[in-house]
1. For region A:442-512, what proportion of DSSP beta bridges, expressed in % and rounded to the nearest 5, is antiparallel?
2. Check A:Ile144: other-chain or 5+ apart residues with amide H under 5 Å from its amide H, H built from backbone geometry?
3. Assuming R0 = 60 Å, what is the FRET efficiency of A:Trp160 and A:Arg64, from their Cβ-Cβ distance, to the nearest 0.05?
4. When all C-alpha to C-alpha distances in region A:337-435 are sorted into bins of 5 Å, what percent of pairs does each bin hold, rounded to whole numbers?
5. Would you mind computing, in nm to one decimal, how far apart the modelled labels at A:Lys453 and A:Lys477 are, each placed 7 Å from Cα along Cα→Cβ?
6. Can you give the charge dipole size of chain A about its Cα centre, rounded to the nearest 20 debye, using +1 on the beta carbon of Lys and Arg and -1 on the beta carbon of Asp and Glu?
7. Taking amide H positions as placed 1.01 Å from N in the peptide plane, with prolines and chain starts having none, which residues 5 or more places from A:Lys506, or on another chain, fall under 5 Å of its amide H?
8. Under a cut-off of 19 Å between alpha-carbon atoms, report the aspartates and glutamates in cross-link reach of A:Lys417, not counting same-chain residues fewer than 8 places apart.
Amino acid sequence: MNTYNKFHWKRILNRVISRLNFCVRKMSKGITPQSKDYSAWYTEVVTKASLADYGPVKGTMVVRPYGFSLWDNIKEIFDKMIKDTGHVNAYFPLFIPKSFLAKEAEHVEGFAKECAVVTHTRLKADDEHGIVVDPESKLEEEVIVRPTSETVIWAMYKKWIQSYRDLPLLINQWANVVRWEMRTRLFLRTTEFLWQEGHTAHATAKEAEEEARLILELYRQLAEDYLAMPVHTGMKSESEKFAGAECTYCIESLMGDKRALQAGTSHNLGQNFAKVFDVTFQTRDNKEKLVYATSWGVSTRLVGGVIMTHGDDKGLRLPPKIAPYQIVIVPIFRDEESQQAVKNYLDPILADLRNAGIRIHEDWRKETPGFKFNEWEMKGVPLRLEVGPKDVEKGKAVLVRRDNGEKQFVEKGEISKCVPGLLDEIQKSLFEQARTFREKNTHTVSSYDEFKKVIANQGGFIRCGWDGTGETEMAIKEETKATVRVIPFDENPKDLSCIYSGKPAKHEVIFAKAY
RNA sequence: CGGGGUGUAGCGCAGCCCGGUUAGCGCGCGUCGUUCGGGACGACGAGGUCGGGAGUUCAAAUCUCCCCACCCCGACCA
């Protein structure tokens, strides 16, 4: 009897708890607000908007169709940019002999700790453990999975470059690379990621420098004009520079949580790789000379940047130029009859939109309109077109902007005319909002105390003087976690003193906590 | 690699402390019906080697030991 009672009450209590859980969930059907927990917000947006999912191996990411379409669009835009500037695509192997990496000392330093290594080539069945590595298949020379392709590419360039006539060599590849990172986050840092890596060879230092700067300018355009992501362009400090580079240029951007994101890098490699791989060419006057090199890359990290630049508490907000769908159609209907009426009404409108080159998605699923509104807002579609029986009757439709929620009733005949303009406006408005946010969160400080306070309490960028020494940089990093993100091209160090040491500033730089 | 946490249905969890009923709830999923202009509702239904292994016990999701995986926070990095 006692036992029965005990379980009986447990059961009832359990019911009550479940009910409570249910109520709590009901109240918070959306996602964690940014202000409450930014990284939870980020992860929820990525997964709920179906951009990506976790792969079975730790740190790996499955890019789902909606997320891949975003990457595809970015890829297409940048691919055109580099082709227009004389670059060509090629593909180099995933596997690199271990010995290649040993060649450039600094380069090894940079990547050795995070290389996946292939040691065997076979598995075999095993009675006890199911399947095991076949010890007999051990490789003579172990092979690494590329963390970046400089080494293979330069081994090949050695074969291909003989004369100044072979230069410049302007090759890009779209590829995956693997870096075995400790901590990973979808899109921002995953064990395997997709990127493009450009590798160029030039006859003169000047040309290499121009190339590195040209690419940086393309990155800026990609970020600002297409991703609507305002960036600072400039140079990396010695400690943040690419392993093996003479000089690293970057685009640096501010995320919604006021941390900085390095969104793209372009390196002037000087003659470092040419020396190591012995890549020389004969000049016009028959002299032998080492070639000058650059390398540059942007990755799927850009997708993370877009999410964190524009997203809000309802989910994604995608810039129209890269949005998989630029407008989503949500038809409203009761029964088959009204569905057909809406469809007939919609058909010519959609035909016009398609003719105008707009990417459209029609959502005819049997869900309530409210559900669909929320879902497509989560997915960040820039424009929504609602058409229901009332609109059919009045010859109108409802257009809603995702960037500001503005709703407008539009005459049937006007829709296809006003959509392209609206998309342009949204593109601009997203950029402006992000820029305003960045300006608001860019601080000037007059003392190191103030510097520490701003970094600790407000975050964002701090623009200030720096004496240019690694010691100062380290000290600041140790104490505040902030690093020199970029030495901007538009710096003006005259009359500035170093925020830490008080010495005359060598550079005016941007400090921030970074991803 | 340090510190913390979690593994129970596709997802989120309860149950475990104090072993014993047929392992349960919400979401999601399927069928049907009513709904449909801001996350609809009802009825019925499918779905589980309780992370893995060993042990204690008449009896283990529950106790003990070992292992594994993942998440979060640090050191490192695009």
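1. Restricted to region A:442-512, the bridges split so that about 75 percent are antiparallel.
2. Amide H neighbours of A:Ile144, under 5 Å, 5+ apart: A:Ile96, A:Lys98, A:Val118.
3. Numbers: r = 38 Å, r/R0 = 0.64.
After rounding to 0.05, the efficiency reads 0.95.
4. Histogram of Cα-Cα distances, whole percents per bin: 2, 11, 23, 25, 22, 11, 4, 2, 0, 0.
5. It is 2.7 nm.
6. With only Lys, Arg, Asp and Glu charged at Cβ, the dipole is about 1860 debye.
7. Under 5 Å from the amide H of A:Lys506: A:Trp466, A:Asp467, A:Gly468.
8. Here the aspartates and glutamates satisfying the reach criterion relative to A:Lys417 are A:Asp347, A:Asp352, A:Glu362, A:Glu386, A:Asp391, A:Glu406, A:Glu425.
Taken together, the values in this text are just the output of simple stated rules run on the coordinates, not laboratory data. The structure presented is a predicted model; accordingly, all values stated were derived computationally and were not measured. FYI the Cβ positions are ideal-geometry reconstructions off the backbone, even for glycines, and counts take in every protein chain you see.
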